[in-house]
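Engineer: Below: one structure in structure tokens.
The values are calculated or read from the model by the stated rules, or taken from the named source; none is laboratory data. Given the structure is predicted, the values throughout are model-derived calculations rather than measurements. Neighbour counts run over all protein chains shown; Cβ positions are idealised from the backbone, glycine included.
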């Protein structure tokens, strides 16, 4: 997939004016997006501007979940997405690993409960792992065999978050823990739970920075 141009501060400003938003913070950048705290009609929110298909698919996933287990999309206009403002991350609020794990497992259960049909416009889990099958290096033979066996299992597909971890789950107060930044891919529900095993161990959930983690797409 060709690289998409990264949004600029001018793109963010244009979206802010076009959507009638009031800036409420300093813009910051994630790898594919530019974000800023804003207010929409006095309501706390986040503005995300992105050109990445994965990020746009994630916005469509949030819309599909309708604020049940995930943050809501207040406005979506082209590559500009306004998300509701919610609370702090699970990483900053969890008191222990048991609490954190229970919260992380509860969120995908809510997401998967209402997303079983009409998913053709979202990428499939097999396409998420396409680079694994393109690379014919013998060192990946065993991994490819395992992936083939798992991907060929007959199971009812659901709309997956795809990247659940302690900083992609926020406190939604009366609505419970809410997911943010989904990838929006379709596959077996177990994938979202398996992803939890790549999360940080409890000592690195403290105030100290986590150790470097190499994340491979789809892992």
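Engineer: When you look at residue 47, is it farther than 29 Å from residue 118 by Cβ, surrounded by 20 or more Cβ atoms within 10 Å (Cβ to Cβ) and in contact (Cβ under 8 Å) with a residue 24 or more places away in the chain, yes or no?
Structural biologist: Values: farther than 29 Å from residue 118 by Cβ: no; surrounded by 20 or more Cβ atoms within 10 Å (Cβ to Cβ): yes; in contact (Cβ under 8 Å) with a residue 24 or more places away in the chain: yes.
The answer is no for residue 47.
Per-residue answers, yes or no, for (1) under 22 Å from the mean Cα position of the chain (by Cα); (2) closer than 27 Å to residue 128 by Cα; (3) surrounded by 14 or more Cβ atoms within 10 Å (Cβ to Cβ); (4) modelled with pLDDT of 95 or more:
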| site | (1), (2), (3), (4) |
| --- | --- |
| 1 | yes, yes, no, no |
| 5 | yes, yes, no, no |
| 18 | no, no, no, yes |
| 21 | no, no, yes, yes |
| 30 | yes, yes, no, no |
| 33 | yes, yes, yes, no |
| 37 | yes, no, yes, yes |
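One line per residue, one yes/no per condition, for (1) out of contact with any helix residue (DSSP H, G or I) (no Cβ under 9 Å at 6 or more places or on another chain); (2) at pLDDT 90 or above; (3) under 21 Å from residue 93 (Cα atoms):
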{"residue": "127", "(1), (2), (3)": "yes, yes, no"}
{"residue": "140", "(1), (2), (3)": "no, yes, no"}
{"residue": "148", "(1), (2), (3)": "no, yes, no"}
{"residue": "155", "(1), (2), (3)": "no, no, no"}
{"residue": "158", "(1), (2), (3)": "no, yes, no"}
{"residue": "172", "(1), (2), (3)": "yes, yes, yes"}
{"residue": "175", "(1), (2), (3)": "yes, yes, yes"}
{"residue": "179", "(1), (2), (3)": "no, yes, yes"}
{"residue": "182", "(1), (2), (3)": "no, yes, yes"}
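Engineer: Look through 40, 62, 83, 119 and report the one residue that is under 23 Å from residue 150 (Cα atoms) and in contact with a strand residue (DSSP E or B) (Cβ under 7 Å, 6 or more places away or on another chain). Quick ask: steps written out before the conclusion?
Structural biologist: Numbers: 40 fails: under 23 Å from residue 150 (Cα atoms); 62 fails: under 23 Å from residue 150 (Cα atoms); 83 fails: under 23 Å from residue 150 (Cα atoms).
The conditions single out 119.
Engineer: Which condition does residue 38 not pass, out of (1) outside any strand (DSSP E or B); (2) over 30 Å from residue 118 (Cα atoms), if it passes all the others?
Structural biologist: (1)
For (1) touching a helix residue (DSSP H, G or I) at 6+ places or on another chain (Cβ under 6 Å); (2) under 29 Å from residue 160 (Cβ atoms); (3) assigned to a strand (DSSP E or B); (4) assigned by TED's automatic domain parsing to the domain that holds residue 180, each residue gets a yes or a no:
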position: 14; (1), (2), (3), (4): no, no, no, no
position: 44; (1), (2), (3), (4): no, yes, yes, no
position: 57; (1), (2), (3), (4): no, yes, no, no
position: 60; (1), (2), (3), (4): no, yes, no, no
